[in-house]
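Participant: Structure incoming, see below.
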Amino acid sequence: MTVKKALITGITGQDGSYLAELLLKKGYVVHGMVRRASTFNTQRIDHLYRDPHDPEARMFLHYGDLTDGTRIAGLLEQVQPDEVYHLAAQSHVRVSFDEPEFTGDCTALGTTRLLEAIRTTGLPCRFYQASSSEMFGASLPPQHERTPFHPRSPYGVAKVYAYWATRNYREAYGMYAVNGILFNHESPRRGPTFVTRKVAMAAARIKAGLQDVVYLGNLDARRDWGYAAEYVEAMWRMLQQDEPDDYVVATGVSHSVREFVEHCFAHVGLDWRDHVRFDDRYLRPSEIDDLVGDASKAARVLGWRPTVLAPELARLMVDAELDGLGQGVVATASPSPAQALVGL
Ligand code: NAP
Ligand code: GDD
């Protein structure tokens, strides 16, 4: 039996780490593109890493950046993947208002660079694009595959570009290229400046007496939060179908930020109102009020269904933070002084 090879961009991110785990379990050889940084950025995948000299090694990392098309083409030639999971992006919505040009270069054009590299190298590989519910923006819920896009951030605009680039390469060149339109998904591996992780960290640290308050922005926004470890299975299933197509992946239930906060603090026996303060630096110039995904197509065609809903997610994220503190992993204040400086 031939062993399948996958290339994951964004392998050091939340989703990349869960997807790498899943594909290794399925017997794949996994190649990951990692951008060079002056500090190590591989913490989420360190547990999967084996020295490449080890004959058992099945995960290999390569330097590359979404802004460097030549490198991307070279990497594809070198790796010759059967499946490409394109997860890398400037993925923070609030940051995209500060860095709209970079977000467009990385998140939008980066996708075209990858698609064009696949086309010009002529590799018969399958391509997954990490599309986002952020593309629906102001369109009323529930949102599904035929809901019009009305993005409300430079990030959302960039993802709409990437979505259509993916569809265009499918239609123009017959490429097996799909969009997974994923609604918010979280985990203990979530970046600490996204609201769920920020709140889970704060609840645990406040319980442990390490901090008193956490500053947040809009508590009224509603999101459809699922569990990242389950969502990567849907990505894989999308690339195993006979025909390429686009799918919404979501739980179908939304909660306000306030409700999520309430769940996290209640889990450690605290009243959130004693510990949450408002800071307008966390507001966005334009916001999305309510995202609720209708993932019935993914259930019908892919047989994919979520099992973890927001209340359980809140508990498991807070428990992971408490475990970390118990093991002496003293997380920095949430956000850390440097993150607070840039307003996240
Ligand atoms: P994440 O944790 O922010 O990870 C993003 C990844 O992209 C990281 O590996 C990051 O590398 C890499 N990256 C960023 N800029 C890059 C560049 N210029 N060149 C190469 N790599 C770069 O995001 P995530 O939550 O795993 O999400 C994965 C993808 O799904 C993203 O495209 C995101 O926009 C999309 N998405 C996420 C959600 C969600 O709720 N999580 C929902 C819908 C869509 P570093 O580790 O070095 O920063
Ligand atoms: N980050 C953050 N920090 N968000 C806050 C805060 C805060 O202090 N206070 C309130 N919020 C609100 C935001 O205004 C937003 O309405 C909601 O919490 C969720 O914010 P994030 O966790 O930053 O996620 P997001 O919904 O903007 O974007 C995430 O989901 C998208 C899918 O819909 C990201 O993962 C995107 O990459 C992804 O595409």
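Participant: Where does the charge balance sit around Pro188 when Lys and Arg score +1, Asp and Glu -1, over other residues with C-beta under 11 Å from its C-beta?
Facilitator: Working: positive: Arg44, Arg189, Arg190, Arg197; negative: Glu186, Asp319, Glu321, Asp323.
Here the charged neighbours net out to 0.
Participant: Can you list residues whose amide H is under 5 Å from Ser131's amide H, if they're 5+ apart or on another chain and H is modeled 1.01 Å from N?
Facilitator: So Ser131 has HN proximity to Gly180, Leu182.
Participant: Once you put a point 7 Å from the Cα of Lys25 and another 7 Å from the Cα of Met1, both along the Cβ direction, what distance in nm separates them?
Facilitator: For the pair Lys25/Met1, the computed spacing is 1.6 nm.
Participant: Arrange the peptides 18-27, 124-133, 168-177 so that the one whose residues have, on average, the most other Cβ atoms within 10 Å appears first.
Facilitator: Peptide ranking by packing, descending: 124-133, 18-27, 168-177.
Participant: Taking the 0 to 90 degree range and rounding to the nearest ten, how far is the long axis of helix 110-121 tilted relative to the main principal axis of the chain, both from C-alpha atoms?
Facilitator: It works out to around 20 degrees.
Participant: With Kirkwood's inverse mean 1/r over C-alpha pairs for Rh, give me the Rg to Rh ratio of the stretch 134-188, two decimals please.
Facilitator: Values: Rg = 12.5 Å, Rh = 12.3 Å.
Radius of gyration relative to Kirkwood radius: 1.02.
Participant: Still on this structure, please answer the following. Got a sec to turn the phi values of the stretch 283-299 into Karplus ³J(HN,Hα) couplings, 6.51 cos²θ - 1.76 cosθ + 1.60 with θ = phi - 60°, whole Hz, x for Gly and Pro?
Facilitator: 3J(HN,Hα) across the stretch 283-299, in whole Hz: 7, 10, x, 9, 10, 9, 7, 8, 10, 9, x, 9, 9, 5, 5, 5, 5.
Participant: To continue, here is another question. Would you mind checking the tilt of helix 14-25 against the longest principal axis of the Cα atoms of the chain, expressed as 0 to 90 degrees and rounded to 10?
Facilitator: 50
Participant: Between helix 69-79 and the chain, what is the angle of the helix's C-alpha long axis to the longest principal axis, kept within 0 to 90° and rounded to the nearest 10?
Facilitator: 70
Participant: Something else about it: Under the classification rounded if a/c is under 1.5, otherwise prolate if a/b is larger than b/c and oblate if not, where does the stretch 158-231 fall, given a ≥ b ≥ c as square roots of the Cα gyration tensor eigenvalues?
Facilitator: Working: a/c = 3.97, a/b = 2.87, b/c = 1.38.
Note, shape of the stretch 158-231 comes out prolate.
Participant: Taking all pairs of distinct Cα atoms, average 1/r, flip it, and tell me the Kirkwood hydrodynamic radius of the stretch 159-294 in Å to one decimal place. Please list the in-between numbers first.
Facilitator: On the way: mean 1/r = 0.0589 Å⁻¹.
Kirkwood radius, the stretch 159-294: 17.0 Å.
Participant: A follow-up question, please. Can you list residues whose amide H is under 5 Å from Thr251's amide H, if they're 5+ apart or on another chain and H is modeled 1.01 Å from N?
Facilitator: Counting only residues 5 or more places away or on other chains, the set is Gly293.
Participant: Taking every pair of distinct Cα atoms and averaging 1/r, then inverting, what Kirkwood hydrodynamic radius in Å comes out for the stretch 230-311? Walk me through the numbers on the way to the answer.
Facilitator: Details: mean 1/r = 0.0641 Å⁻¹.
Mean inverse Cα-Cα distance, inverted, gives 15.6 Å.
Participant: For q values of 0.16 Å⁻¹, compute log₁₀ I(q)/I(0) with the Debye formula on a Cα-only model of the stretch 1-110, without solvent.
Facilitator: Calculated log10 I(q)/I(0) at the listed q: -0.73.
Participant: Mind checking which lysines have their C-alpha under 30 Å from Lys159, skipping anything on the same chain fewer than 8 residues away?
Facilitator: Correct list for Lys159: Lys4, Lys5, Lys25, Lys26, Lys198, Lys297.
Participant: Then there's this: Over all pairs of distinct alpha carbons, what does the Kirkwood formula give as the hydrodynamic radius of the chain, in Å? Before the final figure, lay out the partial values.
Facilitator: Numbers: mean 1/r = 0.0485 Å⁻¹.
It works out to 20.6 Å.
Participant: Under the Karplus relation 6.51 cos²θ - 1.76 cosθ + 1.60, θ = phi - 60°, what is the ordered set of whole-Hz ³J(HN,Hα) values for the stretch 210-218, x standing for Gly and Pro?
Facilitator: 8, 7, 9, 9, 10, 9, 10, x, 6
Participant: A further question follows. Between Glu56 and Glu171, what's the calculated FRET efficiency when r is the beta-carbon distance and R0 is 30 Å? Round to 0.05.
Facilitator: On the way: r = 42 Å, r/R0 = 1.39.
According to the calculation, E is roughly 0.10.
Participant: Read phi for every residue in the stretch 240-253 and hand back ³J(HN,Hα) as whole Hz from Karplus 6.51 cos²θ - 1.76 cosθ + 1.60, θ = phi - 60°, with x for Gly and Pro.
Facilitator: 9, 7, 5, 10, x, 7, 10, 9, 7, 10, 6, 8, x, 10
Participant: What residues have an amide H closer than 5 Å to that of Tyr215, excluding those fewer than 5 places away on the same chain, when H is modeled at 1.01 Å from N in the peptide plane?
Facilitator: Amide H neighbours of Tyr215: Arg277.
Participant: Next up: From zero up to wherever the largest Cα-Cα distance of the stretch 63-136 sits, split into 5 Å bins and tell me the percent of pairs in each.
Facilitator: 3, 16, 26, 24, 15, 9, 6, 1
Every number in this text was worked out from the coordinates using simple rules, so none of it is lab data. A quick note: this is a predicted structure, and the numbers were derived from the prediction, not measured. Cβ: placed from backbone, ideal geometry, glycine included. Neighbour counts: every protein chain shown.
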